1. Within region 314-334, can one find any residue that is outside any helix (DSSP H, G or I) and open to solvent by 80 Å² or more (accessible area, probe 1.4 Å)?
2. Consider S81 carefully, then state whether it is out of contact with any strand residue (DSSP E or B) (no Cβ under 8 Å at 6 or more places or on another chain), at pLDDT 90 or above and of a type in the set (S, T, N, Q).
3. Is it fair to say L54 is in the same structural domain as A330 (by TED's automatic domain parsing), touching a residue at least 12 places away in the same chain (Cβ under 8 Å) and either assigned to a loop (DSSP other than H, G, I, E, B) or among the β-branched types (V, I, T) (or both)?
4. Taking the residues in region 1-19 that are in contact (Cβ under 8 Å) with a residue 60 or more places away in the chain, within 17 Å of V164 (Cβ to Cβ) and of a type in the set (A, V, I, L, M, F, W, C) as candidates, determine which candidate is most open to solvent (accessible area, probe 1.4 Å).
5. With the structure loaded, tell me whether L5 is more than 24 Å from V295 (Cβ to Cβ), within 9 Å of the ligand (Cβ to nearest atom) and modelled with pLDDT of 95 or more or whether it fails that test.
6. Return only the number of the condition from (1) in the same structural domain as Q107 (by TED's automatic domain parsing); (2) of a type in the set (D, E, K, R); (3) in a helix (DSSP H, G or I); (4) free of Cβ contacts under 8 Å to residues at least 60 places away in the same chain that R183 does not satisfy.
7. So the check is Cβ under 7 Å with 6+ separation or different chains; which pairs have a first residue in region 240-264 that's over 16 Å from T202 (Cα atoms) and a second one that's surrounded by 15 or more Cβ atoms within 10 Å (Cβ to Cβ) and small (G, A, S)?
Amino acid sequence: MKTVLTCAQPTGNLTLGNYLGAVRNWAALLPGNECYFGIVDQHAITTDYSPAELRQNCLRCVAQYIACGLDPESAHIFMQSHVTGHTELAWALSCLTPVGDLFRMTQFKEKTGSSGAVDSGDGAPWQNASLSGKPQPKPLMNGGLLYYPVLMAADILLYNADVVPVGEDQKQHLELCRDLAQRFNHYYSDTFTIPDAYIPETGARIMSLQDPSRKMSKSDANERATLFILDTPEQIKKKIMSAVTDSDSAITYEPARHGIRNLLDIFGALTNRAPKEIAAEFDGRGYADFKNALVDVAVESLAPIRQKFDELMENKDFLQQVLQQGAAAAQKRAWKILAKVHRKAGFLEPLR
Ligand code: TYM
């Protein structure tokens with residue numbers, strides 16, 4: 001039996017990218033594995049946010065996990081902040097992490113618009129930030145955002161996970177996690193399993209519907225760019241029908257044709273079919289026909305999730321119970337690893 005662990009940030013609405021690149025595949029790993037699925041609220045405070053919204057979003061996230069097929073009887077679903085050990089292990093790991101590596105992480109550079117040089121985090125954006133709106137905005141280049149990948153490594157290593165199912169955008173973070181595990185094992189002694197990333201063949205990188213050179217993201221300013229799994233059939237139709245393709249009306253699956261390729265990837269992932277085979281089926285039929293068929297497939301696939309989500313949100317006590325049980329199981333495992341880490345680090349054991 002392998003230990004599977006993965007997490008997602010508590011966004012109120014999971015995107016189709018989160019679903020196809022991540023959550024759907026987590027459900028497929030349930031049989032025969034010990035599965036931990038975390039909701040990383042501590043990661044969520046690295047950017048500006050509203051605490052009241054975060055609280056709401058966490059419960060919505062649990063409901064969406066379950067609605068997408070993560071059976072809480074078979075998996076441990078927990079909040080990161082409910083388990084002691086994530087931030088503690090992150091501290092120990094951070095003492096083995098060169099800050100230069102963190103400044104060079106792609107997501108850090110993208111989120112902060114920095115060059116990746118160590119001295120780029122000089123606080124200038126913070127000092128220059130407009131103070132007119134209250135409350136004061138967070139420094140963009142805050143230490144939490146820089147150390148985000150170290151906390152992510154701790155999320156994984158705290159459970160000695162064997163397998164970490166993620167979308168392609170998390171590959172670099174996973175590599176850092178493997179490096180840190182190896183570094184810890186060398187510096188102290190063998191402690192951590194070196195985890196493997198599990199990246200799906202189709203759906204690993206769902207792109208924006210409006211700019212298919214960019215990843216589909218929850219925070220896209222263009223509301224037609226992102227499909228959310230809780231979108232109504234009308235919203236799904238509007239977004240898919242207005243998805244950007246190109247001037248060539250033929251339906252072919254080619255690397256350079258980002259727009260139509262992305263739609264074929266989505267079609268393929270939703271129907272478990274090869275995108276090339278779908279392209280062949282629509283050969284000579286034009287975009288409108290193809291998009292209408294994709295709308296039908298998306299509406300049909302997502303309707304049961306929406307319905308189940310609505311039912312679950314009626315029963316918040318149940319959602320809280322799921323989190324309570326998940327945290328208890330996760331904590332039990334986390335204590336063991338944390339005690340080992342403390343021992344190896346040379347921390348004196350307290351009298352109990
Ligand atoms: P997050 O919350 O951005 O995304 C959750 C999962 O969804 C995948 N994903 C996508 N897959 C395909 N196409 C897309 N457009 C797309 N957008 C998102 C992500 O790859 C991810 O698997 N840092 C992580 C959360 C995290 C974590 C962890 C993950 C924290 N600790 C430990 C694994 C293990 C994140 O921000 O994911």
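The values are calculated or read from the model by the stated rules, or taken from the named source; none is laboratory data. Because the structure is a prediction, the values reported are computed rather than measured. Because the Cβ atoms are built from the backbone with ideal geometry, glycine has one as well, and the counts that use them run over all protein chains shown. Heavy atoms of the whole protein, side chains included, go into the accessibility calculation; ligands, DNA and RNA do not. Shrake-Rupley method; radii C 1.70, N 1.55, O 1.52, S 1.80 Å.
1. Yes, there is a match, as at least one residue in region 314-334 is outside any helix (DSSP H, G or I) and open to solvent by 80 Å² or more (accessible area, probe 1.4 Å).
2. In short, yes.
3. Here the answer is no, as L54 does not meet what is asked.
4. Here the answer is C7.
5. yes
6. (4)
7. Going by the 7 Å Cβ cut-off, the qualifying pairs are I240/A298; A243/G259; V244/G259; T245/G259; D246/G259; I251/A279; T252/A279.
Let's see how each residue does on (1) out of contact with any Phe, Trp or Tyr (no Cβ under 8 Å at 6 or more places or on another chain); (2) within 13 Å of the ligand (Cβ to nearest atom); (3) open to solvent by less than 40 Å² (accessible area, probe 1.4 Å):
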residue: G21; (1), (2), (3): yes, yes, yes
residue: L29; (1), (2), (3): no, yes, yes
residue: G38; (1), (2), (3): no, yes, yes
residue: A52; (1), (2), (3): yes, no, no
residue: V83; (1), (2), (3): yes, yes, yes
residue: A92; (1), (2), (3): no, no, yes
